[in-house]
Amino acid sequence: MSAWKTIRNGIAAWRHVALPGAIIIGLVTATRLTGILQWLEWKAFDQGLRLRPAEAVDERILIVGINEADIQRTGTYPIPDGTIAALLKKLQADQPAVIGLDIVRDLPVQPGHTALVEAFKNQRVIAVEKVLPMTVKPPPMLPPDQIGFADALPDADGSLRRSLLGTSDLQDNWHFSLTLRLAETYLATQHLTLENGLRDPEAMRFGSVELTRFQPNFGGYVRADAGGNQVLLNFRSGHQPFRIVSLQDVQSGKVDPSWIRGHIVLIGITAPSVKDVVNSSAIVTDNPGQTYGVTVQAHAVSQIISAVLDQRPLLNAWAEGWEYAWIVVWGVLGICLGRVVRAPLWLMLSLAIACIILISISYGLLLLGWWLPMVPALLVLLLNGAGLTAFYRYDQDLRSRLQDRQRVIDYTFSTIHNGPLQTLAGVMRQMQSQELSSSQILVELQQLNRELRSVYDSVRQDALVQSQQFYLSYEHELNLQEPLHQVLYEVYSSGMERDLPCFKTLKVQLITFEPLDERYLSVEQKRALCRFLEEALCNVGKHAIDATRLEVRCGCSQGRNLLQVTDNGSGPNPALPEGMGTQQAKRLAQQLQGKFVREGRSTGGTLCELSWMAKKAWFWSR
Amino acid sequence: MSQAVSKAMTKFLVVDDHESVLNGTVEGLKRQYPTVEIHTAQTAQAAHDWIKKGQPDLLVMDLSMPNTPGEPAQPEVGIQRLKTLMQEYPTLNIVVQSAHVQSLVRLKPAISDHEGGFTIADKGLPILEMLKLVDWALNGVNYTPKEMRTRLELKHEWMAVLKLAFHEGLQDKAIAKRIHVRERTVRHYWTKIQDALEVYPEEGKNIRIQTELRARQLGLID
Amino acid sequence: MLPSILSPSTQRRNRSLTTHVALAIFLFVLLWLLASYIGMRRSLCWWYQRQTVQMSSEAESIREDLLQKLFAMRRSLELALMDKQAHPKEVQHWLTQLETIQRSLEAVAHRLAPPYLDDSLPLAVQLVLKEWQAAHPTLQLEMALPTDWVEEPLVQRRMVLATLTAWLQITASHLRPDARLCVRLSQKAHSSEMLIQLTTLNRSDLPSGAAIPKLIKLQQAFQVLANGSCYCQKRGATATWFYRWRSP
């Protein structure tokens, strides 16, 4: 029973901080569900992929890129069928596993069309089409088995992150992509065939490796179009993940046959003028954000092959429930940190550490192929940790002060009951029974007086102390109508009341507060003078070790105003770098067109002095 | 009574807003000074007006009182009035009898400049103590309770007086000439110094010698 | 497995609308949280200041009233001692003086810690109302206080009583002599309620002006410190304040 009660008490105590924290978590979750955070999560995801250590070159793929120079040499664009046919013949001579032609050839481009038809008769060539609007027909002479579509599915921010492996077109016919055809053909040479998945019957499987299908809410995606069979593109990291040769290299025979034999060859355009590019910030390229279409095809094919043959991880994400659980955990951690760690510096430190841990875990798991919701988790962690606690710390302070006040009230009440009221009752009783003589009554009354005084003092002390915490400083109460030297005296006396370490050894204070010539001083300058005096006294209190004598002079002689604080302690070397107080003093001296001096005295101790002539400022000096 | 005798008649003014307190104080004073004229006032304004007319030799005043009848009693009123009175009548002997002595800290500079006697009597003191303080004030002595002072605080002029008196052995007249003030001012400085050093008139003791002993004890002169 | 045929531009438009709406809601909720927090903090500060002022006034009453009386007594005693006489009449006079001092001191103690609060909230409320009625004899007062009452924790009880006292103090200056006040305490399954109803002749006599923000701050302080809720209902020339809180 008591355990349940402690739990309930604990929950009630945490309710004030937990409830807004839960609201924040709910808000962030709702925001994520609307899809606003997608953009951020994509960016973080891309960044994570970019920062991965470089992988080795995938030697199983060779890209033949027709670059700008090749187009120039060919003389015309589009590249005529004849050139392509020659290229194909040359490549086929080295017996590649499969050739993918990532160039649109729905219409013949003379000269050389018949040569191309001839070249296409080789069963190891796959050509492209586009099945989604706008459709592009494949080369008509090829059987469906040798055609793959090259449709790309960019995300709302224009980057490509998904690889479409198979889809139905508008007439409900199923098509496979170029990527899949190439992978399938290559893996067939390794005796692995395409089958339906075991866990997910609609997914694709090669051997024991199942290509996890993309779902509408996969990872950071929210209600994405998951039509067809898509997988996330796990780009191969590194500056040069694939071998790229130009048309020229192949035609002149500079390409090493071993690069081609038994491998996949992709032919595509790598010329900037043709703009067969895809946006992706996950790949490290020379042109920020843009990659040639054929390179992306290579990435897509390489991902499947490496997954099947090298067990290279594919990109995966948790089920939605686990993702939101992850976010909630980090939000709760934020609440706990804010509640447990009190000091603001420690709080910042621990929040930073938590953020670093979160980012490291996310990055580490990304390396293993898992995409975690890092951005929402980071958001709730920071909002709960830093944002909320900053607010509710104040609330706690007020509450604890109210509790303290209540304690004082209770204490006062019991003191009154146990002290004066008892004494009074005793005296009255004894007076009535005439047991006391007048002098004894007097003694009792003295006692009563003392008790009442102490009650009064303690109540007033509490009221005063608390109200001082609401008045920011004496500056609000300073009656600047009074002569400045009197105000400075008040500053001095309240400054000396502070419990600073070096005041303890002080034995003598010599003071002179005489009227200053303050005709031309503005209110702000007067306040600054008060601050200067307070600062100087504070320095004495903090740094003048073993000081026994303190001298304060404030006066005006022969038109020169002087405010001086001297002590005979062995303080720190005045040549130390100046703090803010010194800078303010220098600025004030400048404003008043006077002089500020802080130096050690020959007899030991420090002299801190501000002197100025009382005269009108001729121009504004800031 | 001739004019000369009536001039010698000392007058006290006792100011407090509580009638019972006033009676108690007046009765006490009458026991010690049976021949003195004791007048009373219950508001700050009335007190000020009376002082202007009556020129008393001693003022016994509370701090918490109203300015005019009907207003609430506040220590602020008494403190302000006291400050004005000290400025207008620098030779007036004053006894402050209050339960509120901490607020007098604000008047410390004015008290240091005051030339008449100035003593502070807490209302909790027994009557004999209070009468002693009244006597001190009449004789020009300064007394501020220890709680009002955290550390030994002296003005530079007082330090100069101490040095001249005990290092060079000068008398008051010579000291006055050296530091360019009147001899009476030097005497006032002595009472302030004695209050700061907590040296007060005692039966059978020479107060100047006591001052010197205490100053040496505290290391002010060597 | 049909891919979506929706054209990209429509998708983008729909998405941006929901995005903007969601963002607006998000910001609105955040701002609302912030505003409510600041308001609550201000109310707590106000409550705290009120208590400070009350403590100060208690201290002043001790000084002004009690200590001065005591001083007068002591002086007369000392004088009597000096004269070496103690009339029985004087002793009687001192006794009556001491009695007054004792009564004042008890009043101070009562204000610091209201009696009956430790035992029964209805009794404490009754006492407060009776004292208030004694101070305002022209005002009609109706009390409906149950005899059996499940006691809530001391902190809550204190806050309820303090709220009632504060309410009376805030509206004190705004009450016309012909107003009628009704205070009712009631308790249901797990919730208790204090109802304060003020009926005046004219609608314009209801508390207004400076009293309204103070009452609102009082409500917020009550909500935070007593973990309760309250709202005010105005109908014609009657205003009712409902203060509710959970009881065990």
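The values are calculated or read from the model by the stated rules, or taken from the named source; none is laboratory data. Please read all numbers here as calculations on a predicted model, not as lab measurements. Heads up, the Cβs are rebuilt from the backbone with ideal geometry, glycines too, and the neighbour counts pull from every protein chain shown.
Observations on the model:
- Comparison of A:50, A:32 shows that the only residue that is of a type outside the set (A, V, I, L, M, F, W, C) and surrounded by fewer than 18 Cβ atoms within 10 Å (Cβ to Cβ) is A:50.
- Failed criterion for residue B:37 (all others in (1) touching a strand residue (DSSP E or B) at 6+ places or on another chain (Cβ under 6 Å); (2) surrounded by 17 or more Cβ atoms within 10 Å (Cβ to Cβ) hold): (2)
- Candidates are the residues of segment A:496-509 that are of a type in the set (A, V, I, L, M) and surrounded by 19 or more Cβ atoms within 10 Å (Cβ to Cβ); the one that is nearest to residue A:557 (Cα to Cα) is A:496.
- Inside segment C:178-226, residues that are in a loop (DSSP other than H, G, I, E, B), more than 22 Å from residue C:49 (Cβ to Cβ) and not β-branched (Val, Ile, Thr) make up a count of 9.
- Test for residue A:218: is it touching a His at 6+ places or on another chain (Cβ under 8 Å) and away from chain C (no Cβ under 14 Å): no
- Every test in (1) crowded, with 23+ Cβ neighbours inside 10 Å; (2) assigned to a loop (DSSP other than H, G, I, E, B) is passed by residue A:133 save one, and that test is (1).
- When the residues of segment B:85-100 are filtered to those that are assigned to a helix (DSSP H, G or I) and surrounded by 19 or more Cβ atoms within 10 Å (Cβ to Cβ), the one that is farthest from the other protein chains (Cβ to nearest Cβ) is B:85.
- Residue match in segment B:95-103 (condition: closer than 21 Å to residue B:158 by Cβ and either touching a helix residue (DSSP H, G or I) at 6+ places or on another chain (Cβ under 9 Å) or assigned by TED's automatic domain parsing to the domain that holds residue B:11 (or both)): no
- When every residue of segment A:293-305 is checked against the conditions, none turns out to be under 21 Å from residue A:220 (Cβ atoms), surrounded by 19 or more Cβ atoms within 10 Å (Cβ to Cβ) and under 25 Å from the mean Cα position of the chain (by Cα).
- Residues (touching a residue at least 12 places away in the same chain (Cβ under 8 Å) and either within 18 Å of residue C:57 (Cα to Cα) or within 10 Å of another protein chain (Cβ to nearest Cβ) (or both)) located in segment C:93-110: C:94, C:97, C:98, C:101, C:104, C:105, C:108
- Among the conditions (1) modelled with pLDDT under 85; (2) within 14 Å of chain C (Cβ to nearest Cβ), the only one that residue A:29 does not satisfy is (1).
- Residues (in a helix (DSSP H, G or I) and more than 7 Å from chain C (Cβ to nearest Cβ)) located in segment A:411-429: A:411, A:414, A:415, A:418, A:422, A:423, A:425, A:426, A:429
- Residue within segment B:43-59 that is in contact (Cβ under 8 Å) with a residue 60 or more places away in the chain and over 26 Å from residue B:153 (Cβ atoms) present: yes
- Of the residues B:177, B:173, the single one that is touching an Asp or Glu at 6+ places or on another chain (Cβ under 6 Å), surrounded by fewer than 18 Cβ atoms within 10 Å (Cβ to Cβ), on the phi < 0 side of the Ramachandran plot and among the basic types (Lys, Arg) is B:173.
- Output for segment A:151-205, where each listed residue is of a type in the set (S, T, N, Q) and farther than 26 Å from residue A:45 by Cβ: A:168, A:171, A:173, A:185, A:189, A:190, A:193, A:196
- The residue that is surrounded by the fewest Cβ atoms within 10 Å (Cβ to Cβ), counting only those in segment A:311-342 that are of a type in the set (D, E, K, R) and not in a helix (DSSP H, G or I), is A:342.
- Flag for residue B:48 being away from every other protein chain (no Cβ under 14 Å), surrounded by fewer than 23 Cβ atoms within 10 Å (Cβ to Cβ), in contact with a Leu (Cβ under 9 Å, 6 or more places away or on another chain) and of a type outside the set (Val, Ile, Thr): yes
- Every residue from segment A:156-179 that is surrounded by 18 or more Cβ atoms within 10 Å (Cβ to Cβ) and not in a strand (DSSP E or B): A:169, A:178, A:179
- Top-ranked residue of segment A:247-282 - restricted to ones that are of a type in the set (S, T, N, Q) and touching a Lys or Arg at 6+ places or on another chain (Cβ under 9 Å), ranked as surrounded by the most Cβ atoms within 10 Å (Cβ to Cβ): A:280
- Flag if residue C:143 is touching a residue at least 12 places away in the same chain (Cβ under 8 Å), assigned to a strand (DSSP E or B) and surrounded by 15 or more Cβ atoms within 10 Å (Cβ to Cβ): yes
- Applying the set (1) touching a helix residue (DSSP H, G or I) at 6+ places or on another chain (Cβ under 7 Å); (2) in a helix (DSSP H, G or I); (3) within 14 Å of another protein chain (Cβ to nearest Cβ) to residue C:168 leaves exactly one unmet item: (3).
- Scan of segment B:122-165 for residues that are within 14 Å of chain C (Cβ to nearest Cβ), of a type in the set (A, V, I, L, M) and assigned to a loop (DSSP other than H, G, I, E, B), ordered by number: B:125
- Residue B:184 exposed (fewer than 15 other Cβ atoms within 10 Å of the Cβ), away from chain C (no Cβ under 14 Å), without any contact (Cβ under 8 Å) to a residue 24 or more places away in the chain and on the phi < 0 side of the Ramachandran plot: no
- Extreme residue, farthest from residue A:561 (Cα to Cα), among residues of segment A:488-518 that are away from chain B (no Cβ under 11 Å) and within 52 Å of the chain's Cα centre (by Cα): A:501
- Residue that is surrounded by the most Cβ atoms within 10 Å (Cβ to Cβ), among those in segment C:35-44 that are touching a helix residue (DSSP H, G or I) at 6+ places or on another chain (Cβ under 8 Å) and more than 7 Å from every other protein chain (Cβ to nearest Cβ): C:43
- Residue in segment A:371-381 that is within 14 Å of chain C (Cβ to nearest Cβ), surrounded by 21 or more Cβ atoms within 10 Å (Cβ to Cβ), assigned to a helix (DSSP H, G or I) and of a type outside the set (Val, Ile, Thr) present: yes
- Unique match (being closer than 27 Å to residue C:146 by Cα, in contact with a Cys (Cβ under 6 Å, 6 or more places away or on another chain) and surrounded by 16 or more Cβ atoms within 10 Å (Cβ to Cβ)) among C:187, C:197: C:197
- Condition met for residue A:438 (more than 7 Å from chain C (Cβ to nearest Cβ), of a type outside the set (A, V, I, L, M, F, W, C) and over 30 Å from residue C:42 (Cβ atoms)): no
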